[in-house]
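The values are calculated or read from the model by the stated rules, or taken from the named source; none is laboratory data. It should be emphasised that the depicted structure is a prediction, and the values quoted were computed from it without experimental measurement. Cβ placement follows ideal geometry from the backbone for every residue including glycine, while neighbour counts extend to all protein chains displayed.
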Amino acid sequence: MDPNELADRALDEIAAAADEATLEAVRARYLGRKDGELTRALRGLKDLSPERRAAEGAAANEAKARVDGAISERRAALRAASLERDLGGSREDLSLPPRTVRLGRLHPISRTIREITGIFATMGFESVEGPEVEWDYYNFEALNIPPDHPARDKFSTLWIENTAEVALARTADGGSGGSAPAPAASRPMLLRTHTSPMQIRVMEQRRPPVRVLVPGRCYRFEATDATHETVFFQTEGLAIDEQLSMADLKGVLYSAARQLFGGARKVRFRPDYFPFTEPSAEMAFDCIVCDGSGTTDEGNCRTCGATGWIEWLGCGMVHPKALERVGYDSTRYQGFAFGGGVERIAMLLTGTPDIRLFHENDLRYLESV
Ligand code: FA5
């Protein structure tokens with residue numbers, strides 16, 4: 001057949017091809033290397049005389065080029081249509097900027113706990129954790145605070161009602177019920193008011209030398225203000241060894257303060273009273289809001305209660321009675337302990353004027369500090 005007629009027929013079929021597979025079949029039929037109709041026509045040229053070959057060859061090549069071009073065009077059109085179908089007809093604007101990915105970050109309290117544990121780790125304190133639901137025995141009695149001791153008033157306590165049930169659950173999951181003397185049903189239980197019960201738990205389980213730092217949640221049933229929450233964190237430190245003194249305690253705490261604030265805050269260290277340490281002391285830093293003056297432009301500083309100081313911790317030398325209760329020889333071993341508020345440090349580090357800002361979970365604030 002005449003190559004031009006072949007090409008016209010091929011063009012009709014190409015235009016009618018509804019998908020790429022059909023188009024490929026058309027291509028093979030006309031341009032297939034072995035049996036394509038146009039291919040065969042071109043191949044037959046070699047048997048013609050030189051004059052006819054020149055004339056018919058030109059026409060045949062032109063016909064092939066027409067078919068080639070039509071196939072490429074149709075293929076591109078079919079691809080575009082199929083892509084359009086895949087996108088469901090929607091129009092994506094690829095020039096739009098990508099959505100911003102919101103990266104998570106640590107809560108300022110978690111950050112502060114890591115900072116504090118890191119600092120004490122450099123001084124050899126290993127981090128350990130303990131239960132938030134605690135026996136009265138560990139929270140009070142073993143710390144020289146028997147039932148009617150006035151020091152209990154300082155720790156407004158949230159009590160657990162069904163102690164026997166909780167005790168059973170504890171035993172079932174392998175938790176330690178401790179060495180409190182009374183049977184479980186009559187043993188009062190509470191949400192720990194401080195991390196100091198871990199002093200006793202750690203000493204029960206280890207022999208000196210001991211050096212631990214215990215971060216953890218504490219609970220007190222009290223009204224909140226700029227420096228008090230009902231749920232807050234403390235870090236408890238405990239060191240027991242031969243020949244430890246108050247000078248070691250002070251050195252460790254002053255070193256931590258320097259590492260936390262680089263000397264930027266004033267420190268107040270003065271006597272205090274705790275039934276489980278003797279002697280006892282407390283440590284405070286000058287207030288970040290009023291710079292220690294106790295007043296601001298609006299009057300009394302509400303962050304520090306006009307005292308000029310923000311208390312960090314209570315501390316002291318572990319009471320010999322507490323050492324003996326866990327079987328340590330108090331003539332040979334001494335030790336010091338301290339328990340400080342994590343939020344208070346976070347306030348000082350981030351310039352936060354009210355502790356409640358940490359727990360309101362307003363991301364606008366938390367992301368800004
Ligand atoms: C105690 O809790 C003692 N266990 C500290 C201690 C440990 C003394 C070891 C001796 C040896 P206090 O009640 O003062 O002491 O609390 C210690 C620190 O916890 C406070 O200085 C404060 O920083 C923080 N704190 C106490 N109550 C709250 C509260 N309601 N909200 C936020 N932080 C608190």
*asked:* Taking the condition of being loosely packed, with under 14 Cβ neighbours inside 10 Å and part of a helix (DSSP H, G or I), how many residues in segment 247-279 meet it?
replied: 3
*What helices (runs of 4 or more DSSP H), lying completely within segment 292-369, carry at least 2 residues that are loosely packed, with under 15 Cβ neighbours inside 10 Å?*
320-325, 363-366
*Mind counting the residues in segment 199-230 that are in a loop (DSSP other than H, G, I, E, B) and within 13 Å of the ligand (Cβ to nearest atom)?*
9
*Of all residues in segment 216-254, which are hydroxyl-bearing (Ser, Thr, Tyr) and in contact with a helix residue (DSSP H, G or I) (Cβ under 8 Å, 6 or more places away or on another chain)?*
Thr224, Thr227, Thr235
*Being among the hydrophobic types (A, V, I, L, M, F, W, C) and touching a residue at least 40 places away in the same chain (Cβ under 8 Å) is the filter; apply it to segment 219-228 and report the residue that is nearest to Arg356 (Cα to Cα).*
Ala226
*With respect to Gly339, is the statement that it is more than 10 Å from the ligand (Cβ to nearest atom) and at pLDDT 95 or above true?*
no
*May I ask you to list pairs of residues, at least six apart or on different chains, whose Cβ atoms are under 6 Å apart, with the first in segment 345-369 being among the hydroxyl-bearing types (Ser, Thr, Tyr) and the second being part of a helix (DSSP H, G or I)?*
Thr350/Pro108; Tyr365/Leu357
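Any idea which of Phe140, Phe155 is within 15 Å of the ligand (Cβ to nearest atom), at pLDDT below 95 and not assigned by TED's automatic domain parsing to the domain that holds Gly251?
Phe155
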*segment 281-323, subset without any contact (Cβ under 8 Å) to a residue 40 or more places away in the chain and among the small types (Gly, Ala, Ser), residue farthest from the ligand (Cβ to nearest atom)*: Gly299
*Quick one: which of Ser196, Ser245 is within 9 Å of the ligand (Cβ to nearest atom) and among the polar types (S, T, N, Q)?*
Ser196
